[in-house]
Amino acid sequence: MSGAGSSRPALWQNLERVTNVAILAACVALVVAAIRPGLAARAPGPPPGPVVGDRLEGIDGLELAGHEQTLLVAVSSRCRYCTESMPLYRQLLDWRQEERTQVVVASAESAAVTAAYLAEHGVEPDRILEVAAGEIGTATPTLLDVSRSGEVREVIVGRLPDAEAADVAARLLGIDSMWTGAAMTRLQEE
């Protein structure tokens, strides 16, 4: 009888080991399942929205044929970086040649909300478009330089550092950048 009694604790010990291993495996599986979506979200890849060389098509109200260049700006009134980028947008409007370049602002918000937001910051674009969220990119602010034929020539996502804003404005508008130092100082003061 002592032989049968001694094998029973060994059976329980083996069962306990198997149970512990199963619990440990389940915990590891849960941790991996919880982390995996975060890993996928951080995976490098192409930025959302148009890239250089794409053709913009099918955006209601966007007319490109009348101007050599369209600067299409995606903003949101709830976007801190959009607000911080307003001096750049004012500079683009001030420096452009109206017959050559139009500035169009697109937002997923209503045109009335967007117009009020822009007016609050002294930005008066040629046109305001209501677009579906993500139609021209998911990040705001996004600035697209688009040709008359609809080809995306440049994409700038996010807020530019003050030190770069005037040079970017000059480059986008084809202005000699030798005098942008004074303009950059003005941008930083605004």
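So which residues in region 125-145 are at pLDDT 90 or above and either among the basic types (Lys, Arg) or farther than 19 Å from Ser85 by Cα (or both)?
Taking region 125-145 and keeping what is at pLDDT 90 or above, we get 125-131, 141-145.
Answer for region 125-145, where residues must be at pLDDT 90 or above and either among the basic types (Lys, Arg) or farther than 19 Å from Ser85 by Cα (or both): Arg127, Glu130, Val131.
Only one of (1) over 26 Å from Asp176 (Cα atoms); (2) modelled with pLDDT of 95 or more; (3) in contact with an Asp or Glu (Cβ under 9 Å, 6 or more places away or on another chain) fails for Leu56. Which number is that?
Here Leu56 clears every test but (2).
Of these, Glu99, Glu84, which one is under 22 Å from Arg148 (Cα atoms) and out of contact with any Cys (no Cβ under 7 Å at 6 or more places or on another chain)?
Exactly one of Glu99, Glu84 is under 22 Å from Arg148 (Cα atoms) and out of contact with any Cys (no Cβ under 7 Å at 6 or more places or on another chain), namely Glu99.
Would you point out which residue out of Arg127, Arg159 is touching a strand residue (DSSP E or B) at 6+ places or on another chain (Cβ under 9 Å) and among the charged types (D, E, K, R)?
Working: Arg159 fails: touching a strand residue (DSSP E or B) at 6+ places or on another chain (Cβ under 9 Å).
Every option except Arg127 fails the conditions.
Give just the number: which of (1) surrounded by 14 or more Cβ atoms within 10 Å (Cβ to Cβ); (2) out of contact with any helix residue (DSSP H, G or I) (no Cβ under 8 Å at 6 or more places or on another chain) does Gly134 not satisfy?
(1)
So is Ser149 hydroxyl-bearing (Ser, Thr, Tyr) and farther than 16 Å from Cys79 by Cα or not? Steps first, answer last, please.
On the way: hydroxyl-bearing (Ser, Thr, Tyr): yes; farther than 16 Å from Cys79 by Cα: yes.
Yes: the conditions hold for Ser149.
Name the one entry in Ala139, Ala115 that is touching a residue at least 60 places away in the same chain (Cβ under 8 Å), not basic (Lys, Arg) and not in a strand (DSSP E or B).
Details: Ala115 fails: touching a residue at least 60 places away in the same chain (Cβ under 8 Å).
Ala139 is the lone residue from the list that is touching a residue at least 60 places away in the same chain (Cβ under 8 Å), not basic (Lys, Arg) and not in a strand (DSSP E or B).
Going by the conditions given, is Ala26 under 46 Å from the mean Cα position of the chain (by Cα), at pLDDT 75 or above and not in a loop (DSSP other than H, G, I, E, B)?
Numbers: under 46 Å from the mean Cα position of the chain (by Cα): yes; at pLDDT 75 or above: yes; not in a loop (DSSP other than H, G, I, E, B): yes.
When the stated conditions are applied, Ala26 passes them.
Residues are listed down the side, and each one gets a yes or a no for (1) outside any helix (DSSP H, G or I); (2) surrounded by fewer than 18 Cβ atoms within 10 Å (Cβ to Cβ); (3) at pLDDT 70 or above; (4) among the aromatic types (Phe, Trp, Tyr):
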| site | (1), (2), (3), (4) |
| --- | --- |
| Ser149 | yes, yes, yes, no |
| Glu154 | yes, yes, yes, no |
| Leu160 | yes, no, yes, no |
| Ala163 | no, yes, yes, no |
| Ala166 | no, no, yes, no |
| Thr185 | no, yes, no, no |
| Gln188 | no, yes, no, no |
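If you take the residues in region 94-107 that are surrounded by fewer than 19 Cβ atoms within 10 Å (Cβ to Cβ) and either not in a helix (DSSP H, G or I) or not charged (D, E, K, R) (or both), which one is nearest to the chain's Cα centre (by Cα)? First the steps, then the outcome.
Going through region 94-107, the residues surrounded by fewer than 19 Cβ atoms within 10 Å (Cβ to Cβ) turn out to be 94-95, 97-100.
Next, from what is left, pick out any that are either not in a helix (DSSP H, G or I) or not charged (D, E, K, R) (or both): 95, 97-100.
On the way: Trp95: 25, Gln97: 28, Glu98: 27, Glu99: 29, Arg100: 27 Å.
The extreme case among them is Trp95.
So if I check each of Tyr117, Tyr89, which one is surrounded by 14 or more Cβ atoms within 10 Å (Cβ to Cβ), on the phi < 0 side of the Ramachandran plot and either of a type in the set (Val, Ile, Thr) or in contact with an Asp or Glu (Cβ under 9 Å, 6 or more places away or on another chain) (or both)?
Details: Tyr89 fails: either of a type in the set (Val, Ile, Thr) or in contact with an Asp or Glu (Cβ under 9 Å, 6 or more places away or on another chain) (or both).
Answer to the selection: Tyr117.
Those residues that are in a loop (DSSP other than H, G, I, E, B) and without any contact (Cβ under 8 Å) to a residue 60 or more places away in the chain, I need them from region 67-93; list them, please. Give the steps one after another, and end with the answer.
At the first step, the residues of region 67-93 found to be in a loop (DSSP other than H, G, I, E, B) are 67-68, 75-79, 85.
Passing the criteria: Ser77, Arg78.
For residues that are charged (D, E, K, R) and within 21 Å of Ala139 (Cα to Cα), tally how many sit in region 50-103.
Matching residues across region 50-103 total 8.
The values are calculated or read from the model by the stated rules, or taken from the named source; none is laboratory data. Predicted model, so just to flag it, every value in this text is computed and none were measured. Note that we place each Cβ from the backbone using ideal geometry, even for glycine, and neighbour counts take in every protein chain shown.
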